[in-house]
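So the structure is just underneath, and the comments pick up after that.
What follows is calculated from the coordinates using simple rules that are stated; it is not laboratory data. For clarity, every value in this text was computed on a predicted model and none was experimentally measured. For neighbour counting, all protein chains shown are included, and Cβ atoms are generated from backbone atoms with ideal geometry for every residue, glycine included.
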Amino acid sequence: MKKQQLILVSSAFAVLILLYFFGNTVPPRKPMAVAKNEAPTTRVIQTPQLLKHAKERLSPSQLQHITSLENSISRGDVKNQQIQVYKQLASFWRDTIQLFEPYAYYTGEAAKLENSEKNLTFAAHLFLDNLKTEENPAMQTWLATNAKVLFDKALEINPNNDSSKIGLGACYIFGNISDNPMIGIGPIRAIVEKNPNNTYAQFILGLGGIRSGQYDKAIERFLIVVGKEPDNLEASLNLAEAYDRKGDKANAAKWYRQVKEKIPNPEAQKELDARINSLK
């Protein structure tokens with residue numbers, strides 16, 4: 001199987017797994033509109049333009065509802081009013097339209113105003129979880145930039161939160177926000193040196209290994225994760241992919257089978273069967 005096919009298929013698997021485990025917590029991804037004559041892999045995504053494209057999907061009554069919410073701030077406790085409006089906008093985009101980008105954006109904006117570590121990290125991980133399976137470089141950068149702001153704010157509140165440090169590092173690894181990936185990799189490696197049992201750090205470094213073509217190192221990381229978390233299907237799937245890209249068909253098929261046995265999703269099982277058969 002060609003490398004680009006591997007990337008696309010594994011991303012689809014990852015999305016299926018996320019949807020299976022998290023249900024409606026993360027709305028189904030719908031591709032955002034791209035203006036004609038714009039190259040989706042090179043253009044810079046600006047949030048106002050993204051929201052404008054999102055609104056083009058709405059019916060007149062839905063647009064009227066959104067506009068009413070946006071203009072509902074009055075005098076008085078403006079901050080708390082704004083938080084509530086952002087939360088209502090986030091719920092609308094998540095539940096009614098099922099469009100991820102504006103949902104995540106407004107969740108993040110509310111979290112910034114609330115300035116609680118819990119809400120900031122929740123919003124940051126919304127962006128990061130989608131960043132890990134996003135293929136459009138411009139969208140990767142938009143997701144990573146938003147996640148980075150939220151992780152930075154969370155770390156101002158709790159500088160010792162290793163999970164936030166790892167998340168911030170992942171923004172640099174996957175988000176095209178720096179020409180030097182070591183800015184992200186270094187702090188995560190430091191956490192692993194301090195605590196090799198930190199499976200989240202090991203997992204992110206494993207993903208980084210796949211991205212950089214260092215499949216042996218990726219396999220080493222993912223084996224640590226699945227050894228401690230046998231039911232971590234995302235790690236198992238990426239372990240299979242690392243073996244697949246390395247050319248180790250036997251181990252790739254072995255781990256694809258293990259993932260298949262644990263996913264009661266016919267569509268995912270069918271795709272996994274095809275993947276396994278291609279290795280014979």
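Please state, rounded to one decimal and in Å, the Kirkwood hydrodynamic radius that the stretch 98-241 gives when every pair of distinct Cα atoms enters the mean of 1/r. Display every interim value, and only then the final one.
Values: mean 1/r = 0.0652 Å⁻¹.
Averaging 1/r across every pair of different Cα atoms and inverting gives 15.3 Å.
Efficiency by 1/(1 + (r/R0)^6): what FRET value for N197 and E156, r their Cβ-Cβ distance, R0 = 30 Å, to the nearest 0.05?
Working: r = 27 Å, r/R0 = 0.90.
Result of the calculation: an efficiency of 0.65.
Counted by neighbouring Cβ atoms within 10 Å, the residues D162, D179 run from fewest to most as D179, D162.
Here is the link list: K165/K249; K112/K262; K112/K228; K87/K132; K87/K153. Which ones come out longer than 28 Å on Cα distance?
On the way: K165/K249 35 Å; K112/K262 38 Å; K112/K228 34 Å; K87/K132 25 Å; K87/K153 19 Å.
The answer is K165/K249; K112/K262; K112/K228.
How much of the calculated P(r) for the stretch 51-132 lies past 21 Å, in percent of all Cα pairs?
Values: 990 of 3321 pairs.
For the stretch 51-132, the share of Cα pairs beyond 21 Å comes to 30 percent.
Taking neighbour Cβ counts within 10 Å as the exposure measure, how do E220, E271 sort from fewest upward? Don't skip to the end; give the middle numbers.
Working: E220 15, E271 18.
Taking fewest neighbouring Cβ atoms as first place, the list is E220, E271.
For a test of the definition: using alpha carbon positions, the gyration tensor, and the 1.5 limit on a/c, classify the stretch 84-142 as rounded, prolate or oblate. Could you put the intermediate results ahead of the total?
Details: a/c = 2.35, a/b = 1.30, b/c = 1.81.
In terms of gyration-tensor shape, oblate.
All Cα-Cα distances of the stretch 124-163, cut into 5 Å bins from zero to the largest, leave 6, 27, 28, 19, 13, 6, 2 percent in each bin in turn.
Given that compact globular proteins tend to follow 2.2 N^0.38 Å, what is the ratio of the alpha-carbon Rg of the stretch 125-207 to that value? Present the calculation step by step, with values, prior to reporting the outcome.
Details: Rg = 11.9 Å, N = 83, 2.2 N^0.38 = 11.8 Å.
This ratio for the stretch 125-207 stands at 1.01.
When every Cα-Cα distance of the stretch 183-266 is counted in 10 angstrom steps from zero, the calculated P(r) takes the values 20, 50, 25, 5, 0 percent. With both labels modelled 7 Å from their Cα along Cα-to-Cβ, the R211 to Q98 distance reads 2.9 nm.
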